[in-house]
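The values are calculated or read from the model by the stated rules, or taken from the named source; none is laboratory data. Since the structure is predicted, the reported quantities are computational estimates derived from the model, not experimental observations. Cβ placement follows ideal geometry from the backbone for every residue including glycine, while neighbour counts extend to all protein chains displayed. Remember, those area values only see protein heavy atoms, side chains included, never the ligands or the DNA or RNA. Shrake-Rupley method; radii C 1.70, N 1.55, O 1.52, S 1.80 Å.
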Amino acid sequence: MDINFWGSTYITYFAIPHLRKSKGKIIVITSGAANIPLPLASVYSASKAALVRFFETLRVELSPDIKITIVFPGVISTDMTTPHFVEKYGSDFFLSESVSKCAKAIFRGIARGETYIEEPSWLKWMFLINSVSPEMFDYLVNYLFFRYLKPYFKRD
């Protein structure tokens, strides 16, 4: 919470007066885990969900002076994620997206003035399925977790 939530909120608090004067924009990088139940990442997901709700509320409070765009990156092939998948499964996660493609999509969304940016694009469908049928989505995530991931995360 200290980094994922408080780090973003504190800096925003001090930036608001300057952004008001310059008609600036706030870009918030959260995570797809903010809207999707991600096994083994409950605290991370909660901190990102708190960030989303904070900036959604702030968007209403600051409108129309300051615009806020919230970015939900999914699985992006970075040095942090890729080695883990390669080590465990022998290849990169098949639905991951390159950093450059993700960055270009984020900049395009900011230029269009989008309120939310979900990247990779398939993440939008995951959010939709989760909101329409959370029970089915939970079943799917639970199945995938127990079938593919849990054997690699044994605890004493």
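Can you find even one residue in the range 50-60 that is within 20 Å of TRP122 (Cα to Cα), in a helix (DSSP H, G or I) and open to solvent by 20 Å² or more (accessible area, probe 1.4 Å)?
Within the range 50-60 (the criterion being within 20 Å of TRP122 (Cα to Cα), in a helix (DSSP H, G or I) and open to solvent by 20 Å² or more (accessible area, probe 1.4 Å)), the answer is no, since none of the residues qualifies.
Within the range 61-79, count every residue that is in a strand (DSSP E or B) and within 17 Å of ILE117 (Cα to Cα).
The total comes to 8.
Please work out which residue is modelled with the highest pLDDT, limiting yourself to the range 1-41 and to residues that are assigned to a loop (DSSP other than H, G, I, E, B) and of a type in the set (Val, Ile, Thr).
Residue satisfying both the conditions and the ranking: THR30.
Name every residue in the range 18-49 that is farther than 16 Å from ILE68 by Cβ, free of Cβ contacts under 8 Å to residues at least 60 places away in the same chain, exposed (fewer than 15 other Cβ atoms within 10 Å of the Cβ) and not hydrophobic (A, V, I, L, M, F, W, C), in order of residue number.
Once the filter is applied, which keeps residues that are farther than 16 Å from ILE68 by Cβ, free of Cβ contacts under 8 Å to residues at least 60 places away in the same chain, exposed (fewer than 15 other Cβ atoms within 10 Å of the Cβ) and not hydrophobic (A, V, I, L, M, F, W, C), the range 18-49 yields LYS21, SER42.
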